[in-house]
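A.B. asks: Following this message is one structure expressed as structure tokens.
Bear in mind that the values in this text are calculations on the coordinates, not laboratory data. Since the structure is predicted, the reported quantities are computational estimates derived from the model, not experimental observations. Glycine gets a Cβ as well: all are built from the backbone with ideal geometry, and neighbour counts include every protein chain shown.
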Ligand SMILES: [Zn+2]
């Protein structure tokens, strides 16, 4: 059994339009997912950028606020395709103003969702519901936060483990493409995403090419 890794990227700039999180409306399918905690949201349009990303030395690029979308430069696409990496497809993000395609990066799409496999007992989680603590309610009301207005869907998301490994049941990992997403949602507050996991083969290609811009955290697989 090979190892698997949770992949994240450095974050450069914001998805457009950034005022009032306007990108959500233009990038995600309407009426899908919870409008408060964002569990279940689904991308249906290209991400919109202000400029071509400047981080010239990073082959992997991400956006602030969006933790589960990966953008890559041309050599990554070429090399992954050459090596027969599975579970991915590519498309061009667009400029917010002109709606023309960016030329320097692709979005790397990962659409395979693992079965439920997270072993969650070392993780903290939060439920989408009216907050319980008086101090939190006061604070969120002062900020005019949607998190005290609802609607509340009652679903759970897990906070990203700090200094601990994400742990999964080993069973579903036996016959998977090289890129998958977790079934479970992670994040906090209004942020919700499905982390991307990569195979040992992908990790080796990233390291061999000395590509920059990714963070890889090994996950633990248990019988
Ligand atoms: Zn919710």
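A.B. asks: Compute the distance from the alpha-carbon center of region 155-186 to that of region 78-127, in whole Å.
C.D. replies: Comparing the Cα centres of region 155-186 and region 78-127, I get a distance of 15 Å.
A.B. asks: Tell me, what is the FRET efficiency for residue 31 and residue 57 to the nearest 0.05, using R0 = 35 angstrom and their Cβ-Cβ distance as r?
C.D. replies: 0.30
A.B. asks: Could you bin all the Cα-Cα distances of region 71-125 into 5 Å bins starting at 0 and give me the percent of pairs in each, rounded to whole numbers?
C.D. replies: Binned Cα distances yield the sequence 4, 16, 18, 15, 12, 12, 11, 9, 3, 0.
A.B. asks: Using 7 Å Cα-to-Cβ label points, what is the residue 175/residue 112 separation (nm, one decimal)?
C.D. replies: Label at residue 175, label at residue 112, 1.2 nm between them.
A.B. asks: Report the extension gain between residue 141 and residue 191 in nm, rounded to one decimal, defined as 0.36 nm multiplied by the number of residues separating them, less their alpha carbon distance.
C.D. replies: That pair, residue 141 and residue 191, stretches by 16.2 nm at full extension.
A.B. asks: Let me ask something else about it. At a Förster distance of 22 Å, what's the computed FRET efficiency of residue 217 paired with residue 65, Cβ-Cβ distance as r, to 0.05?
C.D. replies: 0.60
A.B. asks: Starting from the Cα coordinates of region 32-99, work out the convex hull volume and express it per residue in Å³. Don't jump to the answer; show the numbers that get you there.
C.D. replies: On the way: hull volume 8.3 nm³, N = 68.
Convex hull of Cα atoms, per residue: 121 Å³.
A.B. asks: Turning to a different aspect of this structure: Between residue 103 and residue 78, how high is the FRET efficiency from 1/(1 + (r/R0)^6) when r is the Cβ-Cβ distance and R₀ = 25 Å? Nearest 0.05.
C.D. replies: Using R0 = 25 Å, I get an efficiency of 0.95.
A.B. asks: Just need log10 I(q)/I(0) for region 4-222 at q = 0.09 Å⁻¹, Debye formula, equal scatterers on the alpha-carbon atoms, no solvent, rounded to two decimals.
C.D. replies: One equal scatterer on each Cα of region 4-222 leads to -0.39.
A.B. asks: Could you tell me which of rounded, prolate or oblate describes region 1-125, using a ≥ b ≥ c as the square roots of the eigenvalues of the alpha-carbon gyration tensor, with rounded for a/c under 1.5 and, failing that, prolate when a/b is larger than b/c and oblate otherwise?
C.D. replies: oblate
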